[in-house]
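Trainee: Below is a structure I'd like to ask you about.
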Amino acid sequence: MAEVSFEDVQGTVAGAPVARAAQAWRRHRRTILMVGGVLAVVLGSAVAWASGGRYVSTDDAYVHAAKLMVSTDVSGLVTRVAVSEGQAVKAGDVLFEIDKRQYEIALANAKANLAETALSIEAMKFDYQRMLRDIAAQEATVANDEATFARQAALAKDNNVSKAAYDQARFTLESDRQKLESLRHQAEVQRAKLGGDADIDVTRHPQYLQAQAAVDEAQRQLDHTVVRAPFAGIATQVSSLQPGQFLVAQTASLTNQGAVGLIGTDAPWIDANLKETDLTHVKPGDPVDITIDTYPDQVWHGTVESIAPASGAEFAILPAQNASGNWVKVVQRIPVRIRIDAKPDQPPLRAGMSALVEIDTGHSRSLSDLF
């Protein structure tokens with residue numbers, strides 16, 4: 001039989017409590033981990049519930065920019081196209097020009113008519129003064145006729161004058177009185193033509209103002225033969241306009257024939273079509289994170305600028321008729337406009353690009369929401 005030393009017995013006796021302590025720790029550790037896991041899940045769920053509804057996102061969003069088919073309201077032959085496809089232009093840069101000779105002729109004619117009108121008004125003023133002098137002369141003639149008639153009437157009482165002489169004096173007086181009245185009437189008409197003011201400033205006369213308006217219109221049409229960019233942007237659709245082409249102003253912008261496209265580069269924005277159920281806490285001023293599909297590694301920041309007052313379906317040409325018996329409820333989309341706060345070092349954004357937006361509404365739930 002093998003011998004058991006005192007040291008072996010002592011080690012066995014001393015190791016028993018250590019083994020029991022390790023076994024007890026393993027049992028407690030399992031309990032702690034289980035309880036800790038449950039607490040972590042509960043805490044995570046509570047945090048997720050409290051922050052639920054704070055962030056709203058959609059990929060039904062697209063970049064937009066000011067766009068316009070730039071044309072003019074005057075017709076004529078295109079003499080020069082000053083831009084090329086894809087060229088960047090500033091506000092006021094020339095896009096194309098129309099033959100201006102006919103409009104220069106029209107302006108010269110309008111200016112000549114304006115000068116003639118001014119002379120006519122001055123002549124009217126002088127003519128009015130002449131009429132006043134004619135009236136004064138006729139008044140003197142009538143006064144003489146009245147004196148002559150008075151003498152003839154006195155002599156006729158004593159039969160010292162013939163009946164013919166008396167009648168001649170009476171008819172002459174009556175005729176000159178009628179002539180005086182006619183002259184006064186003509187003077188009043190002339191004064192009315194001067195606007196009731198014989199010393200009227202020529203530039204305030206209605207006829208002068210009408211002629212001046214014709215000059216202004218001719219000048220406006222001449223100015224519009226040079227078509228300029230109304231805002232900074234990129235020129236496009238330039239090939240639809242060529243020198244020598246006759247531009248018809250009435251149809252140029254409607255058919256895009258006779259117009260240059262311009263896409264704005266200043267202040268692009270995003271229109272995001274959010275579900276109506278996601279708009280509960282969205283409001284203007286909320287911050288937005290924006291990711292463009294073309295640049296997946298870039299993040300733009302923006303702000304909710306406005307929320308449309310109606311869904312997109314409200315502006316449809318043929319809106320859905322929901323009064324039928326086979327009606328199915330569909331969640332509507334509400335356009336939300338987002339202002340982009342772009343930085344100079346970020347890539348350029350082009351109209352029509354797809355985007356993913358995430359809006360931080362700042363909303364958080366509380367225990368009061370449960371009751």
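Trainee: Can you name the residue in region 128-154 that is among the polar types (S, T, N, Q) and over 27 Å from residue 193 (Cα atoms) and is also surrounded by the fewest Cβ atoms within 10 Å (Cβ to Cβ) among such residues? Let's see the steps before the verdict.
Mentor: Residues of region 128-154 among the polar types (S, T, N, Q): 129, 138, 141, 144, 148, 152.
Now drop any that are not over 27 Å from residue 193 (Cα atoms), which leaves 141, 144, 148, 152.
Details: 141: 16, 144: 13, 148: 16, 152: 20.
The qualifying residue surrounded by the fewest Cβ atoms within 10 Å (Cβ to Cβ) is 144.
Trainee: Follow-up question, since we're still on this one. Hey, among 90, 100, 157, which residue is loosely packed, with under 13 Cβ neighbours inside 10 Å and either within 30 Å of residue 66 (Cβ to Cβ) or in contact with a Leu (Cβ under 6 Å, 6 or more places away or on another chain) (or both)?
Mentor: Numbers: 100 fails: loosely packed, with under 13 Cβ neighbours inside 10 Å; 157 fails: either within 30 Å of residue 66 (Cβ to Cβ) or in contact with a Leu (Cβ under 6 Å, 6 or more places away or on another chain) (or both).
90 is the lone residue from the list that is loosely packed, with under 13 Cβ neighbours inside 10 Å and either within 30 Å of residue 66 (Cβ to Cβ) or in contact with a Leu (Cβ under 6 Å, 6 or more places away or on another chain) (or both).
Trainee: I've got another one for you. Please determine whether any residue of region 294-309 is assigned to a loop (DSSP other than H, G, I, E, B), farther than 30 Å from residue 233 by Cα and modelled with pLDDT of 90 or more.
Mentor: At the first step, the residues of region 294-309 found to be assigned to a loop (DSSP other than H, G, I, E, B) are 294, 308-309.
Applying the additional criterion that residues be farther than 30 Å from residue 233 by Cα yields none.
Checked region 294-309: no residue is assigned to a loop (DSSP other than H, G, I, E, B), farther than 30 Å from residue 233 by Cα and modelled with pLDDT of 90 or more.
Trainee: Looking at region 165-181, is at least one residue part of a helix (DSSP H, G or I), out of contact with any helix residue (DSSP H, G or I) (no Cβ under 7 Å at 6 or more places or on another chain) and under 30 Å from residue 116 (Cα atoms)? Quick ask: steps written out before the conclusion?
Mentor: Restricting attention to region 165-181, the residues satisfying the condition of being part of a helix (DSSP H, G or I) are 165-181.
Of the ones still in play, those that are also out of contact with any helix residue (DSSP H, G or I) (no Cβ under 7 Å at 6 or more places or on another chain) are 167-168, 171, 174-175, 178, 181.
Next, from what is left, pick out any that are under 30 Å from residue 116 (Cα atoms): none.
No, every residue in region 165-181 fails to be part of a helix (DSSP H, G or I), out of contact with any helix residue (DSSP H, G or I) (no Cβ under 7 Å at 6 or more places or on another chain) and under 30 Å from residue 116 (Cα atoms).
Trainee: Residues of region 332-352 being assigned to a loop (DSSP other than H, G, I, E, B), surrounded by 14 or more Cβ atoms within 10 Å (Cβ to Cβ) and touching a residue at least 60 places away in the same chain (Cβ under 8 Å), which ones?
Mentor: The answer is 342, 349, 350, 351.
Trainee: Residue by residue through region 60-113, note down the ones that are polar (S, T, N, Q), within 30 Å of residue 211 (Cβ to Cβ) and not in a strand (DSSP E or B).
Mentor: Step one: of region 60-113, the residues polar (S, T, N, Q) are 71-72, 75, 79, 84, 87, 102, 109, 113.
Narrowing the set further to residues that are within 30 Å of residue 211 (Cβ to Cβ) leaves 71-72, 75, 79, 102, 109, 113.
Listed by number, the residues that qualify are 71, 72, 75, 102, 109, 113.
Trainee: Any residue at all in region 188-198 that's closer than 18 Å to residue 67 by Cα, touching a residue at least 12 places away in the same chain (Cβ under 8 Å) and over 22 Å from the mean Cα position of the chain (by Cα)?
Mentor: Looking only at region 188-198, we keep the residues that are closer than 18 Å to residue 67 by Cα, and these are none.
No: region 188-198 contains no residue that is closer than 18 Å to residue 67 by Cα, touching a residue at least 12 places away in the same chain (Cβ under 8 Å) and over 22 Å from the mean Cα position of the chain (by Cα).
Trainee: Quick one: which of 125, 111 is modelled with pLDDT under 95 and either surrounded by 13 or more Cβ atoms within 10 Å (Cβ to Cβ) or among the β-branched types (Val, Ile, Thr) (or both)?
Mentor: 125
Trainee: For residue 252, indicate whether it is farther than 14 Å from residue 100 by Cα and in contact (Cβ under 8 Å) with a residue 60 or more places away in the chain. Show your work before the answer.
Mentor: Working: farther than 14 Å from residue 100 by Cα: yes; in contact (Cβ under 8 Å) with a residue 60 or more places away in the chain: yes.
Yes: the conditions hold for residue 252.
Trainee: Given the condition touching a residue at least 40 places away in the same chain (Cβ under 8 Å) and more than 28 Å from residue 236 (Cα to Cα), answer yes or no: does some residue in region 262-273 qualify?
Mentor: Keep residues of region 262-273 that are touching a residue at least 40 places away in the same chain (Cβ under 8 Å), which gives 262-273.
Retained after the next criterion (residues that are more than 28 Å from residue 236 (Cα to Cα)): none.
No, every residue in region 262-273 fails to be touching a residue at least 40 places away in the same chain (Cβ under 8 Å) and more than 28 Å from residue 236 (Cα to Cα).
Trainee: So, residue 357, is that one touching a strand residue (DSSP E or B) at 6+ places or on another chain (Cβ under 6 Å), closer than 28 Å to residue 65 by Cα, surrounded by 16 or more Cβ atoms within 10 Å (Cβ to Cβ) and at pLDDT 75 or above or not? Spell out the reasoning first.
Mentor: Details: touching a strand residue (DSSP E or B) at 6+ places or on another chain (Cβ under 6 Å): yes; closer than 28 Å to residue 65 by Cα: yes; surrounded by 16 or more Cβ atoms within 10 Å (Cβ to Cβ): yes; at pLDDT 75 or above: yes.
Criteria met by residue 357.
Trainee: Answer yes or no: is there a residue in region 238-246 that is within 29 Å of residue 59 (Cα to Cα) and either of a type outside the set (A, V, I, L, M, F, W, C) or assigned to a loop (DSSP other than H, G, I, E, B) (or both).
Mentor: Quick first cut of region 238-246, residues within 29 Å of residue 59 (Cα to Cα) only: none.
The answer is no, given that none of the residues of region 238-246 is within 29 Å of residue 59 (Cα to Cα) and either of a type outside the set (A, V, I, L, M, F, W, C) or assigned to a loop (DSSP other than H, G, I, E, B) (or both).
The values are calculated or read from the model by the stated rules, or taken from the named source; none is laboratory data. Keep in mind it's a predicted model, so treat the numbers as computed, not measured. Glycine gets a Cβ as well: all are built from the backbone with ideal geometry, and neighbour counts include every protein chain shown.
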